[in-house]
Amino acid sequence: MGGDRVEKVCIIGASGKLGQYMVGHALERGYEVVGVCRERSVPKLAAFEGRITVVPGATNDPEVIRRAVAGCDGVLTVLMPWGVRQYASGTAQAVLDHARPGARLVFSCGWHITRDGRDRYSRRFSLGLRIATVLGRLVRAVEIDDQVEACRRVFASGTRWTVVRGSDLEEGASQGLPVWSQHVGDPVLASNLTRRIDFALFMVEALTTDALVQEAPAIVGRLTPSALAHTGGIGHPGKPPA
Ligand SMILES: NC(=O)c1ccc[n+]([C@@H]2O[C@H](COP(=O)([O-])OP(=O)(O)OC[C@H]3O[C@@H](n4cnc5c(N)ncnc54)[C@H](OP(=O)(O)O)[C@@H]3O)[C@@H](O)[C@H]2O)c1
């Protein structure tokens with residue numbers, strides 16, 4: 001693991017599925033937690049009442065983020081490209097601008113984000129992405145290009161970032177820390193499935209894992225066939241059981 005001392009974390013997008021799992025993992029570790037979510041979604045955090053501080057507001061509102069990340073050692077951000085209003089890049093920018101220097105910043109996204117262009121995608125994946133990009137923009141519901149822009153800004157920042165790239169997700173009990181690779185297309189990732197609770201576990205674990213600073217790990221469930229068939233994980237967290 002690493003040398004980062006984490007006591008207080010901010011979870012941006014706390015009321016979503018991934019966010020709620022991250023809140024649970026962070027509380028289990030004894031962290032003080034501040035959660036940001038839309039005003040109307042505050043009731044979704046009722047189970048954590050009295051144990052976390054909630055800052056209601058849009059995650060791309062710089063003033064909301066400035067207040068929420070104050071004094072935090074780590075910031076976990078769910079990047080979502082909702083609407084056609086630069087929501088993901090606005091959220092990422094607010095975090096980059098307002099988190100304290102040296103804080104650990106961990107962002108979630110999908111396999112479609114590439115850092116160095118060396119990811120290899122199946123034809124099916126690429127086609128699905130193209131359709132989702134065009135359709136999402138057409139109905140003005142999702143702006144996948146903006147999630148790409150958000151990650152570009154994170155990669156270009158000099159911060160202590162990690163961008164966790166999730167595979168397809170499913171619900172279910174935890175299987176432990178996912179396995180990761182630097183590149184989509186690595187055989188270890190072929191199963192393309194991770195439990196959402198374990199995606200959240202990886203995000204929280206990344207806060208204190210030095211090996212993940214300025215990395216964009218693509219993850220897959222540790223008990224998936226591809227993870228079990230390959231050693232993978234390049235030796236870091238999530239290495240599957242021997
Ligand atoms: N779903 C997948 O199969 C998949 C696959 C790979 C990677 N990922 C990544 O995993 C992360 C979590 O994805 P998820 O699908 O599991 O979603 P999720 O955790 O349920 O999160 C959805 C988030 O978006 C917010 N949201 C929903 N509608 C919104 C709107 N109109 N305007 C603003 N915010 C809105 C939700 O807030 P409220 O609680 O306020 O609604 C919540 O914070 C994302 O970074 C995603 O890119 C997902």
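Before moving on, here are some points about what is shown:
- Where trypsin sites (Lys or Arg not before Pro) in DSSP loops with at most 12 other Cβ within 10 Å are excluded, longest remaining stretch of the chain: 141-242
- Residues whose placed amide H lies under 5 Å from that of Gly110, excluding near-sequence neighbours: Gly166
- With all protein chains in place and ligands, DNA and RNA left out, the 1.4 Å accessible area ranks Tyr21, Tyr87 as Tyr21, Tyr87, largest first.
- Taking every protein chain into account, the accessible area of the range 110-242 amounts to 47 square angstrom per residue (probe 1.4 Å).
- HN-Hα J in Hz across the range 51-63 - Karplus 6.51, -1.76, 1.60, θ = phi - 60°, x for Gly and Pro: 10, 9, 9, 10, 10, x, x, 6, 6, 9, 8, x, 5
- The chain - percent of accessible surface contributed by carbon and sulfur, probe 1.4 Å: 52
- Normalised radius of gyration (Cα atoms, divided by 2.2 N^0.38 Å) for the chain: 0.95.
The values are calculated or read from the model by the stated rules, or taken from the named source; none is laboratory data. Just so we're clear, the structure is a prediction, and the values are computed from it rather than from any experiment. Positions of Cβ are generated from backbone atoms using ideal geometry, with glycine treated the same way; all protein chains shown enter the neighbour counts. Ligands, DNA and RNA are excluded from the accessible area calculation, which covers all protein heavy atoms including side chains. Shrake-Rupley method; radii C 1.70, N 1.55, O 1.52, S 1.80 Å.
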